[in-house]
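Notes follow once the structure below has been shown.
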Amino acid sequence: MFSKKMQEALNDQIHHEMESAYIYLAMAAYFAEENYPGFTHWMKMQFDEEMIHAFKFYDYIHSRGAKVVLQAITQPPAEFDSPLSAFETALGHEQKISADIHNLYALALEEKDYPSLSFLQWFIDEQVEEEEHVGGVVEDIKRVSGSDQGLLMLDRELGQRLPPSPEEE
Ligand SMILES: [Fe+2]
Ligand SMILES: [Fe+2]
């Protein structure tokens, strides 16, 4: 059964994923202004990925015959203190999203909503990857400890990120 409570919680997650996308777009704009084309590119790819996540929830709600209700998106920050601060904010955000997904999974378990459990499994695995990727960048930036040369090297490296693969969709 697809309870009203589950439907509402999944609708909330569309909002969380769209908000993630918006935060990453704000970070892309920050990096563009700071002349880091690679970080900008990486953040735009992250934006694309979050939009794919939002659509997965959107499509899933429809596939269960329920109604999608969209919510207002909060204005994201326009400024960050440093590249490290932006990526640390991103990591904190991903950890919050992981907790959201775990709460959804717990609710689906409680309600014996097996289709939702199956659907959410992909997101549990995805969040492990997300935290690993973003956390890895945080560690790399710490390692170069703000040196211009190190940041330039990382900017080049992150500029190579490929668009989300078809199996993401
Ligand atoms: Fe996401
Ligand atoms: Fe994410």
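Bear in mind that the values in this text are calculations on the coordinates, not laboratory data. Computed from a prediction, not measured in an experiment: that's the story for all the values here. Using ideal geometry, Cβ is built from the backbone for each residue, glycine included, and neighbour counts are taken over all protein chains shown.
Please turn the phi angles of segment 64-80 into ³J(HN,Hα) values with the Karplus equation 6.51 cos²θ - 1.76 cosθ + 1.60 (θ = phi - 60°), one per residue in order, whole Hz, x for glycine and proline.
Karplus values, whole Hz, x for Gly and Pro: 8, x, 10, 9, 8, 10, 7, 10, 5, 9, 5, 5, x, x, 9, 10, 10.
Which of these, Val134, Val144, Val68, has the largest mean-square fluctuation under a Gaussian network model of the chain (Cα springs below 10 Å)?
Result for the chain, Cα springs under 10 Å: Val144 fluctuates most.
From Cα coordinates alone, what are the radius of gyration and Dmax values for the chain in angstrom?
Computed over the Cα atoms of the chain, radius of gyration and Dmax are 17.1, 56 Å.
So what J values fall out for segment 134-149 if you push phi through Karplus, 6.51 cos²θ - 1.76 cosθ + 1.60 with θ = phi - 60°, rounded to Hz, Gly and Pro as x?
These are the phi-based 3J(HN,Hα) values: 5, x, x, 5, 4, 5, 5, 5, 4, 5, 7, 5, x, 6, 4, 5 Hz.
With contacts defined as alpha carbon pairs under 8 Å and 6 or more residues apart, what's the relative contact order of the chain in percent? Display every interim value, and only then the final one.
Working: 171 pairs, mean separation 54.6, N = 169.
About 32 percent, as a whole number.
Quote the FRET efficiency, to the nearest 0.05, computed for Glu131 versus Met1 with a Förster distance R0 of 35 Å and r equal to the Cβ-Cβ distance.
Working: r = 32 Å, r/R0 = 0.91.
Using R0 = 35 Å, I get an efficiency of 0.65.
For each of Asp148, Asp140, count neighbouring Cβ atoms within 10 Å of the residue's Cβ, then give the residues from fewest to most.
Sorted ascending by nearby Cβ count, the order is Asp148, Asp140.
Hey, in the GNM for the chain with a 10 angstrom Cα cutoff, which one of Ile73, Ile101, Ile141 fluctuates hardest?
It is Ile73.
Size of the dipole of segment 4-168 about the Cα centre, Lys and Arg at +1 and Asp and Glu at -1 on the beta carbon, nothing else charged, in debye to 20?
For this selection, approximately 460 debye.
If I stretch the segment between Phe55 and Ser118 completely, what's the gain in nm (0.36 nm per residue apart, minus their alpha carbon distance), one decimal?
Taking 0.36 nm per residue and subtracting the Cα distance, the gain is 21.0 nm.
Within 10 Å of each residue's Cβ, count the other Cβ atoms and sort Glu132, Glu19 from fewest upward.
Working: Glu132 10, Glu19 19.
So the ranking, lowest neighbour count to highest, is Glu132, Glu19.
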